[in-house]
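The values are calculated or read from the model by the stated rules, or taken from the named source; none is laboratory data. Everything quoted here is computed from the prediction, not taken from an experiment. In this analysis, Cβ positions are derived from the backbone assuming ideal geometry, glycine residues included, and neighbour counts consider all displayed protein chains.
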């Protein structure tokens, strides 16, 4: 644009000359500039996008320093082009819906220079965000959601408008926190998590609550051994057919999910769905544990269970056990042929009554036929006297001590059942197992002929 002066005059036909005239002409070839201002209770600008929490007011102002403004034009969402006269709002234009709207505007000056249309995006967002809660792992039982104390809790807020400003939460009656990352809860039992979000326009979500139950305690397990069995100290002696079960409880938590056990190696875990047996002879360590429904694993326990003929002598090491000779007191039964070996030691001299040695000290062996029995019965040729048959008949008042160490074995190396019963008025135990060989013994036994004519009475019958 620039200013020009035009001088002009006229001359008539006879030569009269007009006085010179001058006119100033201002050349305007520039378009106006229009500015948009948006007014609202809450505004948030995201790049070229202006967000408002309600239907905004808008003001248009145009500037043209040469010819001046003739008119200002605008339209909303590519609608009808209108002349702007005063501050107006989306609501007066009939636009009340949330979402993003386009607002186009331009000005025209007095010489017709038209400003290129400008377009601004204006969003209306009067809705709060929506916050979702999730846990890394959980177990739902009826109306309760169980998690472990190590499970992470996450909050995620969604806002389709101006965007989320912050998420706030509180656990129980604790302090309100601004959420920045997943968190855990250590307090066992019922916990209520309260949470809400706020967007960038100040729209605040209604408070949400989520009830969660924390289980930070592992289940408790114990091993149960069926019959037949024998328990000494912490060792459990069983047969190959004896059932072994593991029972677990998680009374105040999420409940037991599975029970696991491992034989001799705490790593090769087997899920226990029912009772199991130990078919392989020997001394075994049973490791076992339970895992609850939120992943709390019990520190594995173990029990020493022995299913071994070779270690049987230790199993019957019961001090002070007295058994007396009567039918059925001691029964040892074997199906294949077997051998009884024992050793006799002389009694020390005693003054009252006088004792007489009936057999020299040393080892002795008795062969027992198939299906033989070793027990008290004067009618049974294979009675428990059988392994004392080499001792001559003695009169009352004579006796001897016997230290018997038994080894029973199958001549054909075929696995067979051995069954031993010890019994008196207050004590009874059945011991059984399958093996090709058995070691056990009796010691410190005193045999006297004074009670059973033609036989021997056992007094102070100690088993080891």
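Checking each residue in region 109-122 for being assigned to a strand (DSSP E or B) and either touching a helix residue (DSSP H, G or I) at 6+ places or on another chain (Cβ under 8 Å) or crowded, with 20+ Cβ neighbours inside 10 Å (or both) picks out 109, 122. Residues of region 12-40 that are without any contact (Cβ under 8 Å) to a residue 40 or more places away in the chain, assigned to a loop (DSSP other than H, G, I, E, B) and touching a strand residue (DSSP E or B) at 6+ places or on another chain (Cβ under 8 Å): 18, 20, 40.
Within region 235-271, track down each residue that is over 17 Å from the mean Cα position of the chain (by Cα), surrounded by fewer than 19 Cβ atoms within 10 Å (Cβ to Cβ) and over 16 Å from residue 301 (Cα atoms). The answer is 240, 241, 243. A single entry from 77, 12 fulfils the requirement of being over 13 Å from residue 124 (Cα atoms) and modelled with pLDDT of 85 or more: 77.
Determine whether residue 197 is over 17 Å from the mean Cα position of the chain (by Cα), closer than 30 Å to residue 56 by Cα and assigned to a strand (DSSP E or B). Taking the combined requirement at face value, the residue satisfies it. Do the conditions hold for residue 127, that is, is it surrounded by 14 or more Cβ atoms within 10 Å (Cβ to Cβ) and in a loop (DSSP other than H, G, I, E, B)? In short, yes.
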